[in-house]
Each structure stands twice: as structure tokens, then as C-alpha cells.
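K.L.:
Just dropping this structure here.
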Amino acid sequence: MRFTVSASSGRARLGHLALSGGPDHPVAMATPGYLIYNRCGSDPHLPQSPAGILLTPLNHWLDKLALLRQAGNLRQLCRLRPDRQLLLSLTDHLDYYPTPGVTAQHVGLPTRSGKAPLTVELQAELTLLTSPELVQPLADCEIRDGDGRKRARKSVDRSLAFYDRFVTALEQQGGLGGGGPALMASWVGGYSAEERLRCLRELESRGADGLVVEGFRYYNQPVEDFRLAQCESVLTEALQQQQRSQPPRPLYFPGLVHPADIIRAAELGFDLFDGSLPALLTRRGLAWLTSVTGGSWWLHVGDVELLTATDRPLDPGCCCRCCRQFSLSYLAHLSLSNEILASILLMEHNSARLAAFFNELRSAIGSAESLGGLATKYAAAVVPPTAAVAPLANEQARLKDDEA
Amino acid sequence: IQRQALEVLYLPRPSLICMSMATSNAAYPLKFNIISKCGTTAARTAKMQLPHATVDTPVFMPVGTKGSLKALTTDELSKLGCRIMLGNTYHLGCRPGPEILSSSGGLHGYMHWPHALLTDSGGFQMVSLSKLCNIDEGGVTFTSPYDGTELRLTPEESIRIQNGIGADIMMQLDDVVHSSTTGPRVKEAMERSIRWLDRCLAANARPTQQCLFPIVQGGLDSDLRIQSLDALASRDVAGFAIGGLSGGEAKSTFWRIVKLCTERLPAGKPRYLMGVGLPLDLVVCVALGVDMFDCVLPTRTARFGVALVPEGQLQLKKRQFETDLRPIDDRCSCPCCTGGYSRAYLATLLKEDGVTLGCSLLTAHNVAYMLNLMSEMRQSLVDGKFSEFVRHFFRLQYPNPTDYPEWAVEALKSVGVSLLSGEDVKKSSCNVDGSGDVEVK
């Protein structure tokens, strides 16, 4: 992995992340950028998959170990094209909270079948089976509201120990060196600025290739309730006391879904985000518009009033397939009818919208004025709370809805 | 040279222009040209020319009930070779409704489907899905499944909705009775359906763009079926549908009724067996002379994780497939099988909520399977090897000949194919009640 910074504005910076992907298929992305949120090798609601870096949380695979071992190669199993590389992370931030259950020997990761233990040895084995370009070593990311410095210290100590043991385990299994994955170390330490700074320094002294911000979202906090403001002061204090590392290391902040927070995090110097917003919006039947319409960035497509919108697309400012080929009326009809195609088309639109947003963000990092203007533009771009909008029907409801 | 009037419908999306061809001296916009007939059975292959597509028959039509084919886009469906699919008048008539559809260029423009469409009348769902359903000579009164209001569907209203949808082929509104119904109600329904047919024909506001098929009724009673057949065959229509079957009736009666219908319907017009069915049913009914089929089987079974293969079905969510790394069928050329997706991985995807890839791939495979089955039958008819194809199909489905379903053996024997002896036999006339001779050549 190679990460270079080409320009900056305050702490915000434009960068370029290049992965090898084999000699014929280099994978590169501009930063600030986003990883492709996916489950088990497939982007939710999207049958067709774009190129890029797939966020691959291990908690999706811990209940499928027999299959993984049988296949021997996750890339082969999931039929991944060479232009789709992996960041092997710990927990899906969209649907699973970092759950309690960490010991000195293992981290309990949430799966559909319940909590499953991940040890250093198991993670090393899975790293070799999945061939990721980037891997997030085991860490104690647990945090509860009210945890103090003592708990924060323990999370740093444990995470550093896991990191060191994982490096050793990978070396022993022959998984490091020139061809091995880059290590994205978990930056933990709870809400203690001192522990955060200590963790930062320790990881940099170990030569971690990049950092993943963990341990701010409480274990029972839904993803859309987590705001950057909750932890910004702690982050800023630690970052300000630490020199920017040379060569630069990519900073990844998962679990930030609101566009307003993504801009603010970019202003603080973060480079990578988890790209889960389209999936979050789509499952709730929300479309992210290119401009504020009717006082909102979001449109709930499952609205019977929209059936008469036969003469316009979902979003006139968008060039995705959904907006080019279909009327808003058709999308509303599909959504009201619980059709799978509704979520496919909506996801295509929301994915295109996220890509356009990040283009805008990168264009704005060139002057503080532009970035400030962008922050003002998207200040109200906060995803509405879950209870406010009825979701698109899930598969179980669709199966019940089927008829002869 | 025939003069042709070209009507171009401009749609809201400028990328799609729908063309409807009206031939001034044809009674209806359907031409059915038989290419090849089986020398043994009643099977035939033909080209059916419709306003939006030329369709090779025998054809299987996937069902896109509410204007979408369950996780497949219209581009993907078209790439699989599908040239005609179904839309459901009952659902589309309730929502979004004919006015919205006709202002969008019909269902073609609304769902961006450039090929042919067929709509049923709404009668079947109305009877089977509505809580309250009262039938009288004028029409049917039922409750809307969407908002509980009382609605009335008459022959005229069904055609009005179907004209708004704009399908190449429409179905008459018939008085639907379940195939298990007996007694005077069956005769009443059959006779009423004939009267409703005439009202439907008169109500068709687009006879040069959309043709109408009558539906043969009469339950499982051969005399009533004959009455229906004779009445319908005397109408000047483009093709015929056989209804009132696929309702769980005994298969031994089912095939006899199908054969009765195909023998009495005009040979030069297409025969559409509604709601059928399983691959086995398709093969037997093609041999009996049916040209068109529809069924939710491939799309519905995909949603439940069932894959169709020549040997039968694979229930991918079962434990035995959890580590099965083979493709569904290495002989299949669909995107799922050629893409190398394993049974185990598909099962994994199907179990992940929100992930549609598994459903899309499996739906594509199942639809491809059905379309390919029909394609193989058509080719075997052109090659003069239909009987061999039938025997080969059965050997794959039932490795042990003693497992061959008796009804299928009898049905094929009646049109000259002996599954058990491996030779063609002399055809027989076979009555619905099972009496009649079958001689072996």
C-alpha cells in the first residue's frame, strides 16, 4: 500500500491510496474517499459491483468458517474481480455495535448466530484465507457510557498486545513482508485524551501503516445516533499534540454516516470513511437528492403521492441508471409494492450520490473558504432518526407479500 | 405490399421510444407462422409476430406481476433471451392504475421493457385474493386489497385497464371457478364467459395494437369444454387461452382436458395454457400441442433458494449445500453458472438480509433454465428429434423409469411417444374419462 498526500488545507488533505491488486490490476483511490460497504462479498441491494476497496468485516464470516476453510480463498469464493480489494476489518459498524466481551485472549464479535470469539491465531488464519490488502488487527474497541480512564487504559494495553501478537502470528505464518497486508491499527482509548495520545504514539512507534478510529460509539448506540460532536474534542486534543506522521498514514473513521460529520472529519484530517450511508438510506426507502428539495436532502420514495410523478425522474440532477431510465412514479410504485427492484434502483442512486458528494468534498479541499462553504451547504444533511421513516420491507415481509 | 400505419408513442424518458405497428388489412396485430411440426406428437414450433417483438414458440413467459421481475432488471431479462413477459392487471389496475400507465407510454414505457407483454384480465386474482367477491352477469364486485374499498370489475373495465397497460396480448375477463368446483356453477361460468368475451371484444379500444385471447372454460367436464371450444373457435380472434386448470386437479384429468382443447382449437393460431407450470408439465403439454405458458415458478422458487436443474430442483438453503463449491449446473450458460458462483456461496448470500445478489443470480438462473428448456424443445422440433428430446428429458428427471409419473406416460403415449419402450407408438384418441385405445406400433 502506498499513501501520498498531494495538497492540504488546514488539517484537511487530499491524498492518493494505491494498492497492488496484482501487477495487472492496481487499485487506487483518491482521498478523502470511502470504502465500499458490503456483506459477504456483495454490496447490499446492488447486484453489480463497482471497483474499489471492499470493507470486509470479519464478524460476517465468523459463523461461516467451515465454508471459508473449504473454499480456501475468500476472493475465489466471492468471485471478486481483481479491481475489488479488501480491507479486513473487525465489526460491521452499520448493523452491529461493538459488543461487550473482550478478554486478554479474544474479542467477542457479533454474528447472526450470536457472539463468536476471535483470537489472534484465528485472525491470522483468516487473513491468509482472505488475502486482504489491508487488515485491522484485533483490538479492544469496547466502550460504554460512563467508562473512565481506567477502562480506557485497559483498552489501549490490550489492543497494543493484540497488535504485537498478530504481527508475530502473521510473520510465523508467512503472511507479512513484501506481499503481506498493510496493518490498519485500531486507535482506541475511550474518551480519555491522554490514553488516546498514548495509543497514537505507541502505534506510530510500531510503524502501523494506517489508523482506524474505534471505541467512541457506545455499544448500544445506533449508527445514525452517533455524531462526531460526541468525540470531536477528545480527537482534536490528541491530534493536535501529535505531529503528523511522515510518511503520512491514512486515517480511517468508520461509523460516521451523516454527510455533515464526514465533512467535519475531513477538516480534522481523516482520509477514509465506511461508505455505508447508501445502504442505510436504501433500507429505509430514502433517496439522497443532489439538492435540497421541499426543505430536505432526503426523499422517502414509498409515498403514494409520488405515483403521479410520471413526468420526472427521482432526481433531475443525477445521471445514475435509476434517474436516467425510470420515472419517480415507477420507483414509488415499486417501493409501495415491496419489490426488490425498488431497493436495487434506490441503491444505485444513493451510491452515485455518495460518489458525487466525495468528488465535491475533494474539490473543496483546496481552500479553507471552499471547505467552509461546503460545510455550510451540508450542515442540515443529517439522516433523519429511524423512527421517523418507515423502512422498505425486508425479505421476510416480501415473501409474505407474494401472491399466486 | 401492405400499407402500414406507424404510431409512435413518445415517452417521458427520451431514451426510449416505443413503436406500435398497425397493419391495416389484418384483423389483429398478431401473426402466427408455424415453422415445423413434430411428425409424431402434436408439438409444433412457430414464430409469433407481435407489435413489440417476434416470439419463438413454444414459449415460456416469466411473470412480472407488479411491473418488475423480482430482482432482475429488464436489461438482464432481455439478455437472457426473454421476449415476452406477463404483467398482472389486478395489481397494476389497483396501483398505479391505467391512467398513470397510459400517461407513461403503457407498462412498456413505465418499466422500460422494449419487448412483448401479455396481461391477464384480473379475474383469477380477484376471485382468489379478495375477501369479498360477488359475481353477477354484469361483472364482479370485490374489495380492493390495497385500501379495502369496494370495486367493480366488468368486462369493459378489465379491457379499459388492459388498454391502459398496453400489452401486446390481453386476456378476456372470464367467470373464474376453481377446477375443483362441480355442478351447475361450472356450466353457468362457462356460458357467462362466452358472453363476457363478446363484451370484451367490443370494448377493445385498440384492436390494431392489442389483440385479445378468449379463455376456454368448462372445468373438468368434457362436454362443457367442447361447448366452450366450439363457441370460442367461431370468434375471429388471434389466439386462444386454456383456463381453469393448474388448480390442483388430478393430473390424469388435467392432460386429457388440455389434449381435448388443443385438438379442437384452430391449428393455425397459438394456444396458451395459463398458469402452467413445472418443467415436466411444459414438456408434456408442448407434446399435446400447447404453444405458450406462464408460471411464477422460476421467480418464486428463486426467492426461497430453490434452483431448477435438469435433474429436478436443488434447495440451496439446506445443510448439504453449505460447503458445496460447485456451480448450480456446469452445463448452464446463465450469468450465475458461468460466473462461477458456487451453491454454497449462493446459499450464504440468500441468507443475508438486504443482499440482493443471491436472489438476482438465482432468479436469472431459473429463468434461463426455463427459457433454455423451451429453446431446446424448439430446436428438437426443427431437427425432427422431439420424441428423443422428451425421452432424454425424462431420463434426466427420473433416473429410474419406474418413477415416471403415470399421467405423463399416458399423456405422451396418447400422442405417440412411449417413454417406457423407447419407440414411438400409434396415436390414439383418448377420452377425458380415460377410456379409449392405445396401440403400440
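K.L.:
Taking only the stretch B:78-116 into account, find how many residues are over 19 Å from residue A:339 (Cβ atoms) and of a type in the set (S, T, N, Q).
P.N.:
2
K.L.:
Among the residues of the stretch A:59-69, is any surrounded by 15 or more Cβ atoms within 10 Å (Cβ to Cβ), among the aromatic types (Phe, Trp, Tyr) and outside any strand (DSSP E or B)?
P.N.:
Yes: one or more hits.
K.L.:
Right, another one. Scan the stretch B:381-427 for residues that are in contact with a strand residue (DSSP E or B) (Cβ under 8 Å, 6 or more places away or on another chain) and among the acidic types (Asp, Glu) and jot them down.
P.N.:
Of everything in the stretch B:381-427, just one residue is in contact with a strand residue (DSSP E or B) (Cβ under 8 Å, 6 or more places away or on another chain) and among the acidic types (Asp, Glu), namely B:424.
K.L.:
Select from the stretch B:309-339 the residues that are under 19 Å from residue A:75 (Cα atoms) and out of contact with any helix residue (DSSP H, G or I) (no Cβ under 8 Å at 6 or more places or on another chain) and list them in ascending order.
P.N.:
Within the stretch B:309-339, just B:338 meets the criteria.
K.L.:
For the stretch B:90-150, which fully contained strands (runs of 3 or more DSSP E) count at least 2 residues that are more than 10 Å from chain A (Cβ to nearest Cβ), at pLDDT 90 or above and within 20 Å of residue B:171 (Cα to Cα)?
P.N.:
B:116-119
K.L.:
So the check is Cβ under 7 Å with 6+ separation or different chains; which pairs have a first residue in the stretch B:167-188 that's at negative phi and assigned to a loop (DSSP other than H, G, I, E, B) and a second one that's buried (at least 24 other Cβ atoms within 10 Å of the Cβ) and β-branched (Val, Ile, Thr)?
P.N.:
B:167/B:119; B:172/B:215; B:174/B:215
K.L.:
Please go through the stretch B:225-239 and pick out each residue that is at pLDDT 95 or above and not in a loop (DSSP other than H, G, I, E, B).
P.N.:
Those that are at pLDDT 95 or above and not in a loop (DSSP other than H, G, I, E, B): B:225, B:226, B:227, B:228, B:229, B:230, B:231, B:232.
K.L.:
Which members of the stretch A:236-254 meet the condition of being crowded, with 22+ Cβ neighbours inside 10 Å and either of a type in the set (Phe, Trp, Tyr) or more than 17 Å from residue A:14 (Cβ to Cβ) (or both)?
P.N.:
The answer is A:252, A:253, A:254.
K.L.:
Being in contact (Cβ under 8 Å) with a residue 60 or more places away in the chain and part of a helix (DSSP H, G or I) is the filter here, so list the residues in the stretch B:395-407 that pass it.
P.N.:
If the condition is that a residue be in contact (Cβ under 8 Å) with a residue 60 or more places away in the chain and part of a helix (DSSP H, G or I), then B:396, B:397, B:406, B:407 are the ones that fit.
K.L.:
Something else: Checking the conditions here, which among A:117, A:32 is in contact with a Lys or Arg (Cβ under 7 Å, 6 or more places away or on another chain) and under 27 Å from residue A:215 (Cα atoms)?
P.N.:
That would be A:32, the only listed residue that is in contact with a Lys or Arg (Cβ under 7 Å, 6 or more places away or on another chain) and under 27 Å from residue A:215 (Cα atoms).
K.L.:
Further, regarding this structure: Let me confirm something: among B:354, B:340, B:358, which residue is within 28 Å of the chain's Cα centre (by Cα) and outside the structural domain of residue B:71 (by the TED database)?
P.N.:
Only one candidate passes the filter, namely B:358.
K.L.:
A follow-up question, please. Look through A:330, A:252 and report the one residue that is in the same structural domain as residue A:187 (by TED's automatic domain parsing) and at pLDDT 95 or above.
P.N.:
A:252
K.L.:
Kindly indicate whether any position in the stretch B:264-273 is of a type in the set (Gly, Ala, Ser) and either crowded, with 24+ Cβ neighbours inside 10 Å or in a helix (DSSP H, G or I) (or both).
P.N.:
So far as the stretch B:264-273 goes, no, none of its residues is of a type in the set (Gly, Ala, Ser) and either crowded, with 24+ Cβ neighbours inside 10 Å or in a helix (DSSP H, G or I) (or both).
K.L.:
Kindly evaluate residue B:81 against the criterion of being assigned by the TED database to the domain that holds residue B:119, surrounded by fewer than 24 Cβ atoms within 10 Å (Cβ to Cβ) and either on the phi > 0 side of the Ramachandran plot or not aliphatic (A, V, I, L, M) (or both).
P.N.:
yes
K.L.:
Being modelled with pLDDT of 95 or more and among the charged types (D, E, K, R) is the filter here, so list the residues in the stretch B:404-439 that pass it.
P.N.:
Listed by number, the residues that qualify are B:406, B:410, B:413.
K.L.:
Hey, another quick one. Within the set of pairs 6+ apart or on separate chains, which have a first residue in the stretch B:331-356 that is at positive phi, a second that is part of a loop (DSSP other than H, G, I, E, B), and C-beta atoms under 8 Å apart?
P.N.:
Within 8 Å, the pairs are B:340/A:79; B:354/A:44; B:354/A:45; B:354/A:394.
K.L.:
In the list B:167, B:189, B:203, which residue meets the criterion of being within 24 Å of residue B:253 (Cβ to Cβ) and either β-branched (Val, Ile, Thr) or modelled with pLDDT of 90 or more (or both)?
P.N.:
Testing whether each residue is within 24 Å of residue B:253 (Cβ to Cβ) and either β-branched (Val, Ile, Thr) or modelled with pLDDT of 90 or more (or both) leaves just B:189.
K.L.:
How many residues are outside any helix (DSSP H, G or I) and within 10 Å of chain B (Cβ to nearest Cβ) when one looks only at the stretch A:299-358?
P.N.:
Matching residues across the stretch A:299-358 total 10.
K.L.:
Let me ask something additional. Among the helices (runs of 4 or more DSSP H) confined wholly to the stretch B:303-386, which include 3 or more residues that are crowded, with 23+ Cβ neighbours inside 10 Å and within 14 Å of chain A (Cβ to nearest Cβ)?
P.N.:
Passing ranges, in order: B:343-350, B:357-382.
K.L.:
A further question on this structure: So is residue B:117 within 17 Å of residue B:356 (Cβ to Cβ), crowded, with 24+ Cβ neighbours inside 10 Å and in contact with a strand residue (DSSP E or B) (Cβ under 8 Å, 6 or more places away or on another chain) or not?
P.N.:
Here the answer is no, as residue B:117 does not meet what is asked.
K.L.:
Looking only at the stretch B:285-302, count how many residues are buried (at least 24 other Cβ atoms within 10 Å of the Cβ) and small (Gly, Ala, Ser).
P.N.:
Counting residues in the stretch B:285-302 that are buried (at least 24 other Cβ atoms within 10 Å of the Cβ) and small (Gly, Ala, Ser) gives 2.
K.L.:
Tell me, yes or no, whether the stretch B:218-235 has at least one residue that is more than 19 Å from residue B:44 (Cα to Cα) and within 18 Å of the chain's Cα centre (by Cα).
P.N.:
No, the stretch B:218-235 has no match at all.
K.L.:
Right, here's the next one. Within the stretch B:60-73, restricting attention to residues that are modelled with pLDDT of 95 or more and buried (at least 24 other Cβ atoms within 10 Å of the Cβ), which residue is farthest from the other protein chains (Cβ to nearest Cβ)?
P.N.:
The selected residue is B:60.
K.L.:
Also, I was wondering about something else. Check the stretch B:17-34 and report whether any residue there is farther than 28 Å from residue B:273 by Cβ, within 14 Å of chain A (Cβ to nearest Cβ) and at pLDDT below 95.
P.N.:
yes
K.L.:
Of the residues in the stretch B:92-139, how many are of a type outside the set (A, V, I, L, M, F, W, C) and closer than 25 Å to residue A:323 by Cβ?
P.N.:
Number satisfying all stated conditions: 15.
K.L.:
Can you tell me how many residues in the stretch A:352-379 are at pLDDT 90 or above and either exposed (fewer than 13 other Cβ atoms within 10 Å of the Cβ) or touching a Leu at 6+ places or on another chain (Cβ under 7 Å) (or both)?
P.N.:
Qualifying residue count for the region: 12.
The values are calculated or read from the model by the stated rules, or taken from the named source; none is laboratory data. Computed from a prediction, not measured in an experiment: that's the story for all the values here. All Cβ positions, glycine included, derive from the backbone under ideal geometry; neighbour counts span all protein chains shown.
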